[in-house]
Amino acid sequence: MMPTDNKCKRQSWLSQMGLITFSGPGMMILDEPTNHLDIDSRDALVHALNDYEGAVLIISHDRHLIEATCDTLWIAEGGTIRELDEDLDSYQNSITSAKEGKGGSKAERKANKQEAATKHA
């Protein structure tokens, strides 16, 4: 069972979400909407977003939220925004490969940082 304080916050959040969607805005913009939500609230958000008939712009690092709610993904990088024409796994692999190509593996990057720290000490 949730502590009363968290339960009140969740109910308040759900009420606010209901009021927002009741009046029928054409678009909602959500910036990291799951940051301070518990599991039940995250699930409620996913259901509310999937039931919402308007457009939703979500800025998030929450992969579960993205995969459960988004039809189209746009990636902001390098000063541009583009539609993602691959799945998240492929995108993640391309990011990882690019980072490894620039700085080597995680172990190599760690060794480089330690070496740089030793030089400055």
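Go through the range 21-71 and give me each residue that's more than 10 Å from the chain's Cα centre (by Cα) and part of a loop (DSSP other than H, G, I, E, B).
Those that are more than 10 Å from the chain's Cα centre (by Cα) and part of a loop (DSSP other than H, G, I, E, B): Ser23, Gly24, Pro25, Gly26, His36, Leu37, Asp38, Tyr52, Glu53, Gly54, Cys70, Asp71.
Quick check on my filter: what residues within the range 26-73 are more than 21 Å from Cys8 (Cβ to Cβ) and β-branched (Val, Ile, Thr)?
Ile29, Val46, Val56, Ile58, Ile59, Ile66, Thr69, Thr72
Give just the number: which of (1) surrounded by 12 or more Cβ atoms within 10 Å (Cβ to Cβ); (2) closer than 26 Å to Met17 by Cα; (3) at pLDDT below 90 does Glu53 not satisfy?
Of (1) surrounded by 12 or more Cβ atoms within 10 Å (Cβ to Cβ); (2) closer than 26 Å to Met17 by Cα; (3) at pLDDT below 90, only one is false for Glu53: (1).
The values are calculated or read from the model by the stated rules, or taken from the named source; none is laboratory data. Please read these numbers as outputs of a predicted model, since none were measured by experiment. Cβ atoms come from the backbone with ideal geometry, glycine included; neighbour counts cover every protein chain shown.
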